[in-house]
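For reference, the structure discussed in these notes is given below.
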Amino acid sequence: MVNVKYPEVWDLDVFFPGGSASSQLIEHIESLTPKLDVLKGKIEKFEVPQNSDAALEIQSILESIKEVIMHISQAGAVLSCLTAQDTTDRDALLLQGQLSGIAANSSPILESFNQKLGKIDQATFKGLLETAELAQFEFILTEWREKSKESLSEEEEALISALGVDGYSSWGQLYNMLIGDIKVEVEVDGEKKLLSVGQANNLSSHKDRTVRKAAFDALEKVFTEREEFFAKTLNHLAGFRLAVYKKRGWDSVTKEPLQINRMKQETIDAMWGAITSRKAIFAGYLQHKAHLLGTEHLDWFDFDAPVTDSTATMSYQDGAEFILKHFGRFGSEMESFARTAFEDGWIEAEDRDNKRPGGFCTGMPLSDQSRIFMTYSGSMSNVSTLAHELGHAFHTYALRPVHPLNRRYAMNVAETASTFAEMIVADAAVEEATTEQEKIALLEDKIQRSVAFFMNIHARYLFETRFYEERKKGIVSTKRLNELMEEAQIEAHAGGLGETHPHFWASKMHFYITGVPFYNFPYTFGYLFSLSIYAKAKEEGKGFEEKYMALLRDTAVMTVEELAMKHLGEDITKEDFWLKGIALCEEDVAEFIALTSK
Ligand SMILES: [Zn+2]
C-alpha cells in the first residue's frame, strides 16, 4: 500500500461504526421519538407567561429543542454521507425515510411553542429577554415570535402543513419524476447517445460547437414536447404557495424568502441595481467571447464553451498542499483547521463508482466535526470545489463557541465562507499559472462565475418575480412562460446574449424547490458579500482572520444588514457597497480581454 499523507476516503465510523448496518446508528434514530416526546410534554405544560419568572422554564424548553435538533441533524448528516458515498445503499435510504418522518413530527411541536411565544405581551417578553437565562437567545426568540404573529392559527397552519404533503410538496416531487424520466438523444462524435437532462447539460462545455448546439436543441425539443406537464406543475406549485400567502395576508411573494434570509427588500434592490448599472462590462465580455469562438453573438449554448485547450491538473495530495499554503497566507487558524480536515479523514474525494455527483459539506453537531463530499479527478475546478467545501466547514468550526441554537444561519450567508475560501485559492491559481493559456482558462473560470451570478441568476429572479405576479391573476400559459423567460434572459444579459433558452423555466429544478422559495438571489448575495470581505482581507493582511471569525460567529443572530454594519461598517441597503465587490470582477474581465486580444 502506498503511504499517502492525506487520506482520500473519509472516516464515518468514528460517528457510528458499521455504516448503514450500525446498531448504534439505529439506536440513535430510535432514541429520537422519546426525545421528541419529552419536548412535546414540556411545551404542552408551558403556559403563556405573565412575568419573567418563566425564564427558567423557557430555557429548559430551548435545551430540549437543542437536543432534538442536534440529534436529528447528526443522524441526517451521517445518512446523507452514506447515501452519497454509495447510491445503492438501500439500508441508508430506508433509514433516511424513517428519519424524515420523525423530523416532520417535530415541526408542529415547534410551531406550537412559537404560537405561545407570540401570545406573550410585549412588556413581559422584553423582561424575559433581559434575564440571564434568555439574553443570548434574543434574536431567535424574537424571530420565532414574529413569525408566529404573521402566521394563521395553530390549527390552520397545521392543516396547511398536512395538506401540503399531498399538495405543495407533491408538485415538487412530481417535477423530479418528470425530469428524471426524460431521455435526450444527442449525437456526440458520430455516435447517437441517450442522455439524462443532467448529462445533456454537461455537454454545454464541450469544445465542439455542433455538439453543444445539438445537445441544446435536443433539450429545447424535449421540453417543448412536454411543456404542458411542466407548466401545470409550476402553476399549481405556485398557486398553492400564493393561496397560503393570501390567507396569511402576505401580499409580497418575496416576503417569505426575505424572512428566511433575514434581509430587507431594499438590500436586494440595491444589489440588483448596482449590478445592472455595471452590466455593460460583462455584456462586453460576452461579445468578446463570441468573437473568440468565431460567432457574432454568444448563444445560450456557448456560455460554457472553453476558449483554450488548457488542461492543467493537480494530484489530490498536491491540491491539498496548494490549499494549505494559500489558506496559511490568509490566517493560521484556517490553515491548521484545514490540515486537521485533510489528515483526520474528514474528506471523501476518491474517484470511484456509485458515488453521487456534486459536492457538499455537512456538520456533525454532536461531534464538533464536519464531513466533505466530492469526487476529485484532478482538474483545477476540483481544487476550487475542495476549497469551497472547506470554507463551509470552517464556518461551522468558527461557530463552535456559540450555542447550537445560534448557529442556524441562512442560505445567503451560508455561501459567504465557502466563496471566500474558494476566492483565496482561485486567485492564487491565476497568479501561479505556469502558462498563459492556463492563466486565461483560470481567469475565465472566475469570470464565468460572475456572469452566472450577475446575469443568469438575475434572469431567474426577474422571471420568478414576474411569473408570480401574473400567477396571482390566474393560470399562466406555456406560451406566456416562454415569453417571460426570454424577456428575463434578454434583459439580464444586457444585450450580450444571442439565442435564448425559452424553456429554462422547465429545465431548472430551482423553480420547483418547495423548501426554499426563490432559490436564486441568495447565491448572488453570498458571492458579492464574500467578495467585499475578501477585498478587506487583502487590505488588512493576516490580522483580519480574527475579525473574519467574529463575523462568522454572528451570522445566525442578526439580520444581514446588521451583520454588515457591525463587522464591516457598511450599509448594504446602498448600491455603493455592492459596487465595490463588482469592481473586483471587472478587473478580471479587463485582464482577460487584454490577454486574449493579443
Ligand atoms: Zn456552497
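So how many residues does the stretch 6-25 have that are over 28 Å from the mean Cα position of the chain (by Cα) and within 24 Å of F360 (Cβ to Cβ)? Write out each step before concluding.
First pass over the stretch 6-25, keeping only residues over 28 Å from the mean Cα position of the chain (by Cα): 17-18, 21-24.
Add one more test, that the residue is within 24 Å of F360 (Cβ to Cβ), and what stays is 17-18, 21-22, 24.
Residues meeting the conditions: 5.
Yes/no per residue for (1) open to solvent by 10 Å² or more (accessible area, probe 1.4 Å); (2) β-branched (V, I, T); (3) touching a strand residue (DSSP E or B) at 6+ places or on another chain (Cβ under 7 Å):
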site: L531; (1), (2), (3): no, no, no
site: A556; (1), (2), (3): no, no, no
site: G569; (1), (2), (3): yes, no, no
site: I572; (1), (2), (3): no, yes, no
site: K580; (1), (2), (3): yes, no, no
site: A583; (1), (2), (3): yes, no, no
site: V589; (1), (2), (3): no, yes, no
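Select, from E67, E133, E63, the only residue that is part of a loop (DSSP other than H, G, I, E, B) and either at pLDDT 95 or above or of a type in the set (D, E, K, R) (or both). Reasoning before the result, please.
Values: E67 fails: part of a loop (DSSP other than H, G, I, E, B); E63 fails: part of a loop (DSSP other than H, G, I, E, B).
That would be E133, the only listed residue that is part of a loop (DSSP other than H, G, I, E, B) and either at pLDDT 95 or above or of a type in the set (D, E, K, R) (or both).
Could you list, in sequence order, the residues of the stretch 362-382 that are of a type in the set (A, V, I, L, M) and within 15 Å of the ligand (Cβ to nearest atom)? Lay out the reasoning, then the answer.
Filtering the stretch 362-382 down to residues of a type in the set (A, V, I, L, M) leaves 364, 366, 372, 374, 380.
Within the stretch 362-382, I372, M374 qualify.
Among the helices (runs of 4 or more DSSP H) confined wholly to the stretch 520-598, which include 1 or more residues that are at pLDDT 95 or above and in contact with a Cys (Cβ under 8 Å, 6 or more places away or on another chain)?
On the way: elements: 521-540, 544-553, 560-568, 575-596.
Counting at least 1 such residues, we get no helices (runs of 4 or more DSSP H) at all.
Condition first: touching a His at 6+ places or on another chain (Cβ under 9 Å) and modelled with pLDDT of 95 or more. Can you find one or more residues in the stretch 96-114 that meet it?
Of all residues in the stretch 96-114, those touching a His at 6+ places or on another chain (Cβ under 9 Å) come to none.
Within the stretch 96-114, not a single residue is touching a His at 6+ places or on another chain (Cβ under 9 Å) and modelled with pLDDT of 95 or more.
From (1) open to solvent by 10 Å² or more (accessible area, probe 1.4 Å); (2) more than 14 Å from the ligand (Cβ to nearest atom); (3) in contact (Cβ under 8 Å) with a residue 60 or more places away in the chain, pick out the condition that doesn't hold for A398.
That leaves (1) as the condition not met.
Could you pull out the residue among S80, S100, S52 that is in contact (Cβ under 8 Å) with a residue 40 or more places away in the chain and under 28 Å from the mean Cα position of the chain (by Cα)?
Working: S100 fails: in contact (Cβ under 8 Å) with a residue 40 or more places away in the chain; S52 fails: under 28 Å from the mean Cα position of the chain (by Cα).
Residue meeting the stated conditions: S80.
From the residues in the stretch 215-264 that are in a helix (DSSP H, G or I) and of a type in the set (S, T, N, Q), which one is surrounded by the fewest Cβ atoms within 10 Å (Cβ to Cβ)? First the steps, then the outcome.
Step one: list which residues in the stretch 215-264 are in a helix (DSSP H, G or I), which gives 215-225, 227-248, 255-260.
Filter again for of a type in the set (S, T, N, Q), leaving 224, 233, 235, 259.
Details: T224: 13, T233: 22, N235: 19, Q259: 15.
Among them, the one singled out is T224.
For A349, all conditions in the list (1) open to solvent by less than 10 Å² (accessible area, probe 1.4 Å); (2) within 12 Å of the ligand (Cβ to nearest atom); (3) under 21 Å from L442 (Cβ atoms) hold save one; what is the number of the exception?
Here A349 meets the rest and fails (2).
Among F454, F525, which is the only one that is within 16 Å of the ligand (Cβ to nearest atom), under 20 Å from the mean Cα position of the chain (by Cα) and closer than 30 Å to L551 by Cβ? Full working, then the answer.
Values: F454 fails: within 16 Å of the ligand (Cβ to nearest atom).
Exactly one of F454, F525 is within 16 Å of the ligand (Cβ to nearest atom), under 20 Å from the mean Cα position of the chain (by Cα) and closer than 30 Å to L551 by Cβ, namely F525.
Are there any pairs, at least 6 apart or on different chains, whose C-beta atoms fall under 7 Å, with the first in the stretch 376-392 and among the β-branched types (V, I, T) and the second within 12 Å of the ligand (Cβ to nearest atom), and if so, which?
These pairs meet every condition: T385/G359; T385/M374.
Go through the stretch 421-439 and give me each residue that's of a type in the set (D, E) and more than 15 Å from the ligand (Cβ to nearest atom).
Matches in the stretch 421-439: D427, E431, E432, E436, E438.
What do you reckon, is S418 among the small types (G, A, S), within 15 Å of the ligand (Cβ to nearest atom) and open to solvent by less than 10 Å² (accessible area, probe 1.4 Å)? Write out each step before concluding.
Numbers: among the small types (G, A, S): yes; within 15 Å of the ligand (Cβ to nearest atom): yes; open to solvent by less than 10 Å² (accessible area, probe 1.4 Å): yes.
Here the answer is yes, as S418 does meet what is asked.
The values are calculated or read from the model by the stated rules, or taken from the named source; none is laboratory data. Predicted model only: the values in this text are computed from it and were never measured. Cβ sites come from the backbone with ideal geometry, for glycine too, and all protein chains shown count toward neighbours. We work out accessible area using only protein heavy atoms, side chains counted, and drop any ligands, DNA or RNA first. Shrake-Rupley method; radii C 1.70, N 1.55, O 1.52, S 1.80 Å.
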